[in-house]
Structures are given as C-alpha cells and as structure tokens.
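The values are calculated or read from the model by the stated rules, or taken from the named source; none is laboratory data. Predicted, not measured: the structure shown is a model, and the values here were computed from it. Cβ: placed from backbone, ideal geometry, glycine included. Neighbour counts: every protein chain shown. Areas reflect the complete protein model, heavy atoms only, side chains present, ligands, DNA and RNA absent. Shrake-Rupley method; radii C 1.70, N 1.55, O 1.52, S 1.80 Å.
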Amino acid sequence: MLMLWLNLCFGSSLDSSSFIKRKGKSEYVSDEQSINFDDYFIFLCFLSSNQFQFMAIQEVIGFYKENKKIIVETFNSLGFKVYGGKNAPYLWVHFPGRNSWDVFSEILEKTHIVTTPGSGFGLDGEGFIRVSAFGHRENVLEDCIRFKQLYN
C-alpha cells in the first residue's frame, strides 16, 4: 500500500525493484538514494493551497540545490569524486583507500566541520563521507574554503 501511495505521488521515482530481501526483511534500496528534489517539490506544491506557498517552496529547494552545486564543485576541484545530490541534499565524497572514520576525524579535527562517516551506512559506505547541502550559504562557503585549505 505504501508503494502504491508513493508511486501515485512521485510517479516512477520508486518502483518494486527498489526493494530487496535481506535476512527475511524488506529494506528500501534505491539507486538514486531517495525521492528527487523535483518530485518532492511537485508533491509539496500539491499540498500547498496557494501560489505564494508554491513559490516559497520552489525558492527553498533552489537554495539547497545551489548549496549542493557549490559543494560538488569544491570537491571536484580538489580531485575527489562526488556522488548523490540528484535526489537528496546529501553528497557522498569518495576517499579511495581511506577509512571513512579516519577521514571523518581528520576533517573534524583540522577544519571543525562535521561530516558523516560512510561506513555508518554499511560496508559499501567505507571510503566515503557524507556531506549535507542543508545549511546557511555563508556556512557552506566557509566550509568549502576550509576543505580547500585542508586538501589543496
């Protein structure tokens, strides 16, 4: 029933192939990590009852998409591969051959920026950190300067 409701709200963003069986339990697994910004935007606009709410939601989503773009450009300029961010405000930065907890600790200690170790999401997250595009623009810009100082 939940899948039917999600498909009605979000179209083909989710389908039955997004679910897998592991150890007798169904777990949600998506190649795209989650419902995309644009589908979520449409859903929120459907819930809103007037044009002002519609435009306000569009503006907020655009703001976080711009934060995402700034973060991706920063890590790409430093030679890192960045994944995600298409359907959620979370980016996965790959640190090949590095332990995700070590990278997390290095960033925290040297830049005072909190990221999330990828291994916290399972074995496939090892070697990655997760960075969020949620935040004030001035903080995102400052964090990007600190990342550049650390890894340049």
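Values as computed for the structure displayed
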{"item": "Estimated translational D of segment 56-150 in µm²/s (Stokes, Kirkwood radius over Cα pairs; 20 °C; 1.002 mPa s)", "result": "159"}
{"item": "Cα centroid separation, segment 51-108 to segment 118-152 (Å)", "result": "7"}
{"item": "Segment 46-152 - accessible surface per residue (Å², probe 1.4 Å)", "result": "61"}
{"item": "Under Karplus coefficients 6.51, -1.76 and 1.60, residue-wise ³J(HN,Hα) of segment 132-146 in Hz, glycine/proline x", "result": "9, 8, 6, x, 6, 4, 4, 5, 4, 5, 5, 4, 5, 4, 5"}
{"item": "Segment 112-152 - percent relative contact order, Cα under 8 Å, separation 6 or more", "result": "28"}
{"item": "Separation of the residue 148 and residue 78 label points, Cα + 7 Å toward Cβ, nm", "result": "1.2"}
{"item": "Rounded to whole Hz, the Karplus (6.51, -1.76, 1.60) HN-Hα couplings of segment 65-76, x for glycine and proline", "result": "5, 5, 4, 4, 4, 4, 5, 4, 4, 4, 5, 4"}
